[in-house]
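To start, the structure under review is shown below, and the notes come after it.
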Amino acid sequence: MASMRDIKRRKGSIQSTQQITKAMKLVSTVKLQRARANAERSREYFHCMYETVRNILGRCQGMEHRYLRQGDTSAKAVIAITSNRGLAGGYNSNIVKLVARHEGWKKEDLRIYAVGRKGKEAFQRGGLRIEADLSEAMEEPSFRDAMKLGESVLAAYEAGEVGEVYLAYTAFKNTVSHVPTLLKLLPLDREEILAQEGDGGKDAAPMNFEPEDEEALDRIIPKYVDSLIYGGLIESLASENGARMQAMDNATSNAEEMIDDLTLMYNRARQSSITQELTEIIAGAEAIS
């Protein structure tokens, strides 16, 4: 059995750690509330943008456009959104697994646009190619950061360097539910988009374009891609803080259980020490008498 001094030292160490996990939980809770509010305020804009693209595609049947055609190369650009810090449970590892172990993908075809240092480090260890590092965007995501990412992947797509563009992020459902999601940004899948429920498509009101429909797509699709990237950033930030809040809550509960166990061990060791001292005193008294 460990000595009373060792038990007391270990208990003190765990209590100090518990104070840290409590503080981190409180910080994550505040950040989560702010990030969730941002995500909820932005969803209406994303919905409107999606329905606009859907309407255009529904009225342009048979149109050939570079954003609708599959590229000639098998290379894929993947915007992978993780966090700059750990202690968030499986939040970062879920995105890394989603990208690195995706069925049918070859490692040599992937071009990673890393948003978050934890994901970047994991992909580098796995031997994947890091095309760009925009980890600073996760400190406080803005639409300007999304535009910068969008310009990078669109330039690579239009230059024929990649044939497809994907977004890997964690969708925020609620405080305890965060879903790793892989979303295809380009080329647009007309059938899949029109099959989704919504106001667009064939039953929508007649629509006229100014300028022409192809020029309209030239202007609207980059904004559509930017809006999806921004949505991925802010939902990932909310999911990150939700995951960290859960992880710190679990760590605090585990620390409490360990403290209770160590307290019991300390009391037993103390009782054993007292019993031994009493036995020695009684034995010494009997020997004298």
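The values are calculated or read from the model by the stated rules, or taken from the named source; none is laboratory data. Keep in mind it's a predicted model, so treat the numbers as computed, not measured. Virtual Cβ from ideal backbone geometry, glycine too; neighbours counted across all protein chains shown.
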Checklist entry - Can you name the residue in region 1-55 that is outside any helix (DSSP H, G or I) and of a type in the set (Gly, Ala, Ser) and, of all such residues, is surrounded by the most Cβ atoms within 10 Å (Cβ to Cβ)? => result ALA2
Next on the checklist: Looking at the structure I just gave you, is ALA132 among the aliphatic types (A, V, I, L, M), over 14 Å from the mean Cα position of the chain (by Cα), in the same structural domain as ALA155 (by TED's automatic domain parsing) and under 22 Å from ASN174 (Cα atoms)?
Outcome noted: no
Next on the checklist: Just the residues that are touching a Gly at 6+ places or on another chain (Cβ under 6 Å) and not in a loop (DSSP other than H, G, I, E, B), please, taken from region 56-91.
Outcome noted: GLY58, ALA80, ILE81
Checklist entry - Restricting region 240-265 to residues that are among the hydrophobic types (A, V, I, L, M, F, W, C) and under 22 Å from the mean Cα position of the chain (by Cα), which is farthest from TYR169 (Cα to Cα)? => result ALA251
Checklist entry - When both residues are 6+ apart or on different chains and their Cβ atoms are under 9 Å apart, which pairs have a first residue that lies in region 158-184 and is free of Cβ contacts under 8 Å to residues at least 12 places away in the same chain, and a second that is among the β-branched types (Val, Ile, Thr) and part of a strand (DSSP E or B)? => result LYS173/VAL179; VAL179/THR170
Checklist entry - Any idea which of GLU103, GLU151, GLU121, GLU108 is more than 20 Å from ALA39 (Cα to Cα), in a loop (DSSP other than H, G, I, E, B) and either out of contact with any Gly (no Cβ under 6 Å at 6 or more places or on another chain) or not charged (D, E, K, R) (or both)? => result GLU103
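Table: residues versus (1) at pLDDT below 95; (2) among the aromatic types (Phe, Trp, Tyr); (3) surrounded by fewer than 21 Cβ atoms within 10 Å (Cβ to Cβ).
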{"residue": "TYR169", "(1), (2), (3)": "no, yes, no"}
{"residue": "LYS184", "(1), (2), (3)": "yes, no, yes"}
{"residue": "LEU194", "(1), (2), (3)": "yes, no, yes"}
{"residue": "LYS202", "(1), (2), (3)": "yes, no, yes"}
{"residue": "GLU212", "(1), (2), (3)": "yes, no, yes"}
{"residue": "SER227", "(1), (2), (3)": "yes, no, no"}
Checklist entry - Out of all the residues in region 7-28, is one or more of a type in the set (A, V, I, L, M), under 30 Å from GLN271 (Cβ atoms) and over 18 Å from the mean Cα position of the chain (by Cα)? => result yes
Checklist entry - Is it true that some residue in region 158-175 is part of a helix (DSSP H, G or I) and over 14 Å from the mean Cα position of the chain (by Cα)? => result yes
Next on the checklist: Going by what's in this entry, would ARG66 be described as among the charged types (D, E, K, R), under 18 Å from TYR157 (Cβ atoms) and at pLDDT 95 or above?
Outcome noted: no
Checklist entry - VAL78 is checked against (1) more than 25 Å from ALA39 (Cα to Cα); (2) surrounded by 17 or more Cβ atoms within 10 Å (Cβ to Cβ) and fails just one. What number does that condition carry? => result (1)
Item to check | Complete set of residues in region 124-148 that are assigned to a helix (DSSP H, G or I) and more than 25 Å from PRO222 (Cβ to Cβ) | outcome: GLN124, ARG125
